[in-house]
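Heads up: the structure comes next, in structure tokens.
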Amino acid sequence: MAEAATLLEPRESAWNDVRALGLQKHVADLDAHGFCVIPPEIANPNNLAGRMLEALLDIAERRNGERPDVVTGATHAYQPNMRFGAKNERYGRSQVEEQIPDISSPHPDAVDSPFGDRMHSIFFEDEVFAEALMNPPMIALVTYLLGYSAVLSAMGCWMKGPCRSNFPLHTDSGGIPEPLPAQSYAAQCTYVLTDFNRENGATCIVPGSHKWNRNPEGDETILLPYEEGGSEQALACEAPAGSLIIWQGNTWHGAFNRTAPGIRVSVTVYFYRPFMRPLEDFIGKIPEEKLEELIGKYGQRIAIVLQQGCVPGFSTQGDRVSGTARAEQFVSAYRAESGVGVGRKSDAYA
């Protein structure tokens, strides 16, 4: 009987990927500050950001009935403060506060939408999003934070026009009880598709807050409007279009209001460890021919990222057996292709 091939240790393999892509500085930033900003020359191969932006403008036009005005922001200015995730109707654009409808929101202090129009479930709308999902520098740093078994929880787009309200400070730790674990359980990746700065309503981060292992509470969440000086503990992420911002789940972050004309457009790619419940369910939802096409183009890793290596929920013994067997097939195929000993629960990188 032939001996089994020796598999690389997951931690060693993850670090090899970081070194091969020249990402050591960005790993140091993640460790020290809880976030990193990857410049366009690394994060934006073949104008990935530009192609995503065009695809998203098309999607927004299909979904909302009008094409976003990226230059003036007239289509997205001073939107009503709607419940998170609800469809943003095209009304309430006036700067006259009385004309903004009073709609129930998880951010009751906001006079208008602090996050703009969020478009959910965009992955299958255009092939460019699969390319963005498997962008090597992003996948390498997600692996550093969450290991090879990391799965996509959700991919969405944020389009924010001029507004008065800030997005309060919070974490992306997915409701984990405090104290939050020092080992990251979640990672948020933000593709910057239009320039980020404070006037443009950039994401802001509290450097080092990932080490506090807790969520902000009470007044700690508050970001004063930019015109009133902002909240000095939060750092606006200054980044040109084509950049990629990554932070771990414990990092305190939010966003400043936009005072400049135009629209801030970004794509968020949110990863979890597989034992946590994703927001989007991909298990068994991808047609087999489409899954084969994606694997043929991007390799077995994309099946793992799209949750195919996760055991789905079950209600019968048969579901449990068949679901487990299917998941193990994808994990085995990825292990064989990569040569990495993925799948061991005792290794944080596996």
Across the stretch 257-275, the tally of residues that are in a loop (DSSP other than H, G, I, E, B), out of contact with any Cys (no Cβ under 7 Å at 6 or more places or on another chain) and surrounded by 17 or more Cβ atoms within 10 Å (Cβ to Cβ) stands at 3
Find all pairs meeting these conditions: Cβ atoms under 8 angstrom apart; at least six residues apart or on different chains; first residue within the stretch 235-253 and of a type in the set (D, E, K, R); second residue in a loop (DSSP other than H, G, I, E, B).
Glu238/Asn197; Glu238/Arg198; Glu238/Ala202
Looking across the stretch 295-334 at residues that are under 20 Å from the mean Cα position of the chain (by Cα) and part of a helix (DSSP H, G or I), the single one that is nearest to Met155 (Cα to Cα) is Val305
May I ask you to list the residues in the stretch 135-179 that are without any contact (Cβ under 8 Å) to a residue 60 or more places away in the chain and in contact with a Lys or Arg (Cβ under 8 Å, 6 or more places away or on another chain)?
Glu178, Pro179
Can you tell me which of Ala5, Ala74, Ala28 is modelled with pLDDT under 95, surrounded by fewer than 17 Cβ atoms within 10 Å (Cβ to Cβ) and under 30 Å from Ala350 (Cβ atoms)?
Ala5
Within the stretch 130-183, count every residue that is under 20 Å from Tyr349 (Cβ atoms) and part of a helix (DSSP H, G or I).
12
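The values are calculated or read from the model by the stated rules, or taken from the named source; none is laboratory data. In this text the structure is predicted, and so the values were computed from the model without any measurement. Using ideal geometry, Cβ is built from the backbone for each residue, glycine included, and neighbour counts are taken over all protein chains shown.
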